[in-house]
Amino acid sequence: RFQKQGSWLVLATINRAALHSIIRRRQHIITQQYTAAFKMKVVSITILRTTPSAEPTPIAMACDLSSYGFFQRQGVKEMLTFFSKTFTKRTEPGQRQSISHESYVVHCYVRSDGLAGSVTTDAEYPPRVAFVLLTQLLDEFLSTNGDSWKSMPTLTESTVFPPLEEYIVKYQDPASADKVTKIQNDLEETTQILHKTIDSVLERGVKLDSLVEKSDDLSRQSKMFYKQAKKTNSCCVVS
């Protein structure tokens, strides 16, 4: 009887050790995934053409989707384009505003001539750096293309503006970008940056869910991805 009890205790100890090992391994994997996602500061940069009478038109874009699974990336890219257009449309010429959505922020800047840019970052990314990025990028884009941007076609896979890829790499680390570019400290002092939530930037009675559902820019897969992401985030809220 004692031998049987001893064997049971040994077996239970082994099972506990195996279980703890599995838990530790899983925690390590989750930590790695979280760290990889946290390190990615800039998710996308988009250049758009705006006119008072039409929807904003994306004409160049760069994304860093390395923290997403392969089969998620197309849906995420479509959602990023959708948010860029939606919030740029609601940004006045000459205005800079940052719109928060869950753990991300979309920073939009529309020049007085209608050329616009948006950069999607995590919530920790300094808005000041994001707007310096956009200001410098749009100046360079205008210098390279002149007024031809006013007639550029809608963004396609063949649309290429090499500096976009350089900017999205260069500005991943805002501290490093601050040192390299000597960020214009007076931007914060002389330029008002509006900080808004989605509810405050949308028109009264307009819901983001409704805009997503009605959007022709989003595939069925992207709309499903949006719903799943929203459901996952709501499940993670602790009351």
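Look at TYR109 and say whether it is aromatic (Phe, Trp, Tyr) and assigned to a strand (DSSP E or B). So TYR109 passes the test.
Residues in region 140-180 that are modelled with pLDDT under 85 and touching a Phe, Trp or Tyr at 6+ places or on another chain (Cβ under 9 Å) were compared, and the one that is nearest to LYS85 (Cα to Cα) is PHE161.
A Cβ distance below 6 Å, combined with a sequence gap of six or more or placement on separate chains, defines the contacts here; from region 68-96, residues that are in contact (Cβ under 8 Å) with a residue 12 or more places away in the chain and over 17 Å from MET224 (Cβ atoms) reach residues that are surrounded by fewer than 20 Cβ atoms within 10 Å (Cβ to Cβ) and not β-branched (Val, Ile, Thr) in the pairs PRO93/SER112; GLY94/SER112. For region 76-99, the set of residues classified as assigned to a strand (DSSP E or B) and either closer than 23 Å to ASP216 by Cα or among the aromatic types (Phe, Trp, Tyr) (or both) consists of ILE99 only.
The set of residues in region 114-144 being free of Cβ contacts under 8 Å to residues at least 60 places away in the same chain and touching a Leu at 6+ places or on another chain (Cβ under 8 Å) consists of VAL132, THR135, LEU142. Residues of region 108-126 include at least one that is buried (at least 22 other Cβ atoms within 10 Å of the Cβ), farther than 20 Å from PHE82 by Cα and at pLDDT 90 or above. Can you confirm whether THR57 is modelled with pLDDT of 90 or more and in a helix (DSSP H, G or I)? In short, no.
Taking region 145-169, which residues are part of a helix (DSSP H, G or I) and either in contact with a helix residue (DSSP H, G or I) (Cβ under 8 Å, 6 or more places away or on another chain) or crowded, with 20+ Cβ neighbours inside 10 Å (or both)? Spell out the reasoning first.
Just the residues of region 145-169 that are part of a helix (DSSP H, G or I), to begin with: 145-151, 162-169.
Once the filter is applied, which keeps residues that are part of a helix (DSSP H, G or I) and either in contact with a helix residue (DSSP H, G or I) (Cβ under 8 Å, 6 or more places away or on another chain) or crowded, with 20+ Cβ neighbours inside 10 Å (or both), region 145-169 yields TRP149, PRO163, LEU164, TYR167, ILE168.
The values are calculated or read from the model by the stated rules, or taken from the named source; none is laboratory data. Keep in mind it's a predicted model, so treat the numbers as computed, not measured. Heads up, the Cβs are rebuilt from the backbone with ideal geometry, glycines too, and the neighbour counts pull from every protein chain shown.
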